[in-house]
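What follows is calculated from the coordinates using simple rules that are stated; it is not laboratory data. All values derive from a computational prediction rather than experimental measurement. Don't worry about glycine lacking a Cβ; one is built from the backbone with ideal geometry, like all the others, and counts go over all protein chains shown.
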Amino acid sequence: MTRARFGGGGARPAPRSLNELMGQALTMEREAVARYTELADMMETHNNLDVAALFRKMAGYEQLHVEQILADMGWAADVVVPRQSGVWGTPESPEVVPIEDMHYLMHPWHALQAALSAEQRAEAFFAEMAGTAADEAVRQAAEEMRREEAEHVALVLEWLAKVPQPDSDWSVDPDPPRHMD
Amino acid sequence: MNDMTDATRLSAADFKSDYKPIWCPGCGDYTVLGSLTKALAQLGRPPHEVAVVSGIGCSSRIPAYTTCYGFHGVHGRALAAGTGLKAARPELTVVVTGGDGDGYSIGGNHFMHACRRNLDLTYLVMDNHVYGMTKGQASPTTEPDWDNKLSPGGTGLRSFHPLVIALAAGANFVARAFSGDPNGTADLVAQAIRHPGFSFVEILSPCVTFRPEQRGWKDVVHRAAVPETDDPARAARRIMTDDGFNLGVLYAGKRAPYARTPAASASLAQIEQAFAV
């Protein structure tokens, strides 16, 4: 379950101000909340309740991040960040788990692998921002965000250590939706 | 970021309804829905000024998942309904959505004539080269050698080429997008809606259930290497010779969109009199 490489990977523009950096961070966290919620709903619809609960929990963690950014910046909960093209260098914002990685029979282990990749991308994004920011306040804020994402990475790794890796035939369905005999 | 405090602007969430999609996990249509809502937010038109019209098929469920006006019509007739709506209510932004079976087979005739009429509406086709809702039959865009239980050895039929047909029939904007690139797709959809006349966006949207190999599309799609053109001949050459995975605006024409005819200049009585024998 790897992230699609289409859409970039090239150099991203460094934020010019604290507002711009935190606007990007807010967008990233909001999109992560929206996606995890979407994935939880998706898995509930398909009666994969363990994975749904896990995604719901991840959405909750990301929402805490959203609220923290809003509080730190003094922004209203409904503040709208103008969408900028080419900011991420990836098809979606870095912390978003791709829809294409989903499977209706996936296990919590798969969900955590996807979450781990997302958190690692977010950490790498802020590390890059911290490395390229010309302004010291922006650099410090980016570094702080990177540290928080690193904590998320560590948290997901802890969870992963407690979850069994599924057998290789995990996707075999005795009553598959595409059965046509 | 001067307008960070402008809370009057719309977000994608404003265009998503409370209904949860029931597509298969991994389906590309989820991200197309996300791209559509992002595009509408970007355009800043409130949901009550937008209508999303569809036919039948997995992707045609989209209207219910938005807060816009919606019309889930009959199979293949999405463009007919959308055309009627736009003609009657030209002030609305009309987005017609559907899949390759709905749009190119059952609705193929409507597709060509919608291009020809050039009303100012936008047609988004989520193309997965298969009839997913009815369990995996070959569609017009299915490759001739796609081997499956319902068409062993493949159909042997040449694939329909929707972009060429759209261009030849008179569409004023032709683009190809990929569901795995949601932000790029959102930009293309916004551009299509802004462009006057009939705008057609073919969105490659994998069916992970009946065409699981389409998960590999993310490794072969690529952005168009040349700038968009308003020259139909150049666009035709480009579309006819590309590999089917070339993303971006492939044609942006300058043809004036359909305009309503002026109000009748004669009264009903005068018209009846003209027909009197």
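Length gain on complete extension for the stretch A:GLU144 to A:SER171, per 0.36 nm per residue less the alpha carbon to alpha carbon distance?
Details: separation 27, 0.36 × 27 = 9.72 nm, distance 3.95 nm.
Going from the current span to full extension adds 5.8 nm.
Would you be so kind as to identify which of B:ASN109, B:PHE15, A:ALA76 lies farthest towards the positive end of the dipole of the protein assembly as shown, taking Lys and Arg as +1 and Asp and Glu as -1 on Cβ and the Cα centre as origin?
Selected residue: B:ASN109.
Could you give each residue of the range B:36-49 its phi-based ³J(HN,Hα) in whole Hz, using Karplus coefficients 6.51, -1.76, 1.60 with θ = phi - 60°, and x for Gly or Pro?
Whole-Hz 3J(HN,Hα) from phi for the range B:36-49: 4, 5, 5, 5, 5, 5, 4, 6, x, 8, x, x, 6, 9.
Set the Förster distance to 41 Å, then compute FRET efficiency between A:LYS162 and A:ALA76 from the Cβ-Cβ distance, nearest 0.05.
Values: r = 39 Å, r/R0 = 0.94.
E between A:LYS162 and A:ALA76, to the nearest 0.05, is 0.60.
So how do A:PHE55, B:PHE275, B:PHE200 line up by other beta-carbon neighbours within 10 Å, fewest first?
B:PHE275, A:PHE55, B:PHE200
Amide H neighbours of B:GLY132 under 5 Å, at least 5 residues apart or on other chains, H built in the peptide plane: list them.
B:CYS58
Just the ratio, please: alpha-carbon radius of gyration of chain B over 2.2 N^0.38 Å, N its number of residues.
Relative to the 2.2 N^0.38 Å estimate, chain B comes out at 1.05.
Quick one: angle between helix B:108-117 and the longest Cα principal axis of chain B, in degrees between 0 and 90, rounded to 10, please.
50 degrees
What does the structure give for B:189-200 when I average, per residue, the other chain Cβ atoms found within 10 Å of the residue Cβ?
For peptide B:189-200, the averaged partner shielding equals 0.
Give the percent of DSSP beta bridges with both residues in the protein assembly as shown that are antiparallel, rounded to the nearest 5.
Bridges in the protein assembly as shown are about 20 percent antiparallel.
Starting from the amide H of B:LEU121, placed 1.01 Å from N in the peptide plane, find each other amide H under 5 Å away whose residue is 5 or more places distant or on another chain.
B:GLY197, B:PHE198, B:SER199
Please report the antiparallel percentage of the DSSP beta bridges confined to chain B, to the nearest 5. Can you show the working numbers first?
Working: 7 of 35 bridges.
Restricted to chain B, the bridges split so that about 20 percent are antiparallel.
Kindly provide the helix-only [θ] at 222 nm of the protein assembly as shown, computed as the sum of -39,500 (n - 2.57) over DSSP H runs of four or more divided by all residues, to the nearest 500 deg cm²/dmol?
Taking each H run of at least 4 residues, the total per residue is -13000 deg cm²/dmol.
Would you kindly derive the ³J(HN,Hα) couplings of the range A:126-138 from the backbone phi angles with the Karplus curve 6.51 cos²θ - 1.76 cosθ + 1.60 (θ = phi - 60°), listing them in order in whole Hz, with x for Gly and Pro?
5, 4, 5, 4, 5, x, 10, 5, 7, 8, 5, 5, 5
Cα centroid distance between the range A:31-45 and the range A:99-171, in Å?
16 Å
Where does each of A:166-175, A:136-145 land if you order them by average Cβ count within 10 Å, highest first?
Values: A:166-175: 9.5, A:136-145: 17.7.
Packing proxy ranking, top to bottom: A:136-145, A:166-175.
How would the range B:31-127 be classified by its alpha-carbon gyration tensor: rounded, prolate or oblate, with rounded meaning a/c under 1.5 and the a/b versus b/c comparison settling the rest?
Oblate shape, in that a/c is at least 1.5 and b/c is the bigger or equal ratio.
Taking a ≥ b ≥ c as the square roots of the eigenvalues of the Cα gyration tensor of the range B:117-267, is the shape rounded (a/c under 1.5), prolate (a/b larger than b/c) or oblate?
Cα axes put the range B:117-267 in the prolate bin.
Scan around B:GLY98 for amide H atoms under 5 Å from its own, H built in the peptide plane at 1.01 Å from N, and keep only partners 5 or more places away or cross-chain.
Counting only residues 5 or more places away or on other chains, the set is B:LEU124, B:MET126.
Go through the range B:10-26 residue by residue and turn each phi into a ³J(HN,Hα) via Karplus (6.51, -1.76, 1.60, θ = phi - 60°); whole Hz please, and just put x for glycine and proline.
After applying 6.51 cos²θ - 1.76 cosθ + 1.60, I find 9, 10, 4, 4, 5, 9, 9, 7, 7, 6, 8, x, 10, 5, 5, x, x Hz.
Top mean-square fluctuation among B:SER54, B:SER265, B:SER17, Gaussian network model of chain B, C-alpha springs under 10 Å?
Result for chain B, Cα springs under 10 Å: B:SER265 fluctuates most.
So, by mean Cβ neighbours within 10 angstrom, what's the order for B:33-40, B:267-274, B:67-74, B:84-91 with the highest one leading?
For the peptides B:33-40, B:267-274, B:67-74, B:84-91, the packing ranking is B:33-40, B:67-74, B:84-91, B:267-274.
How big is the charge dipole of the protein assembly as shown about its Cα centre, in debye rounded to the nearest 20, if each Lys and Arg gets +1 on its Cβ and each Asp and Glu gets -1 on its Cβ?
In debye, rounded to 20, the protein assembly as shown gives about 1820.
Cα axis of helix A:18-45 to longest principal axis of chain A: angle in degrees, 0 to 90, nearest 10?
It is inclined by approximately 10 degrees.
Specify the inter-centroid distance of the range B:261-277 and the range B:47-118, based on alpha-carbon positions, in whole Å.
Their Cα centres are 33 Å away from one another.
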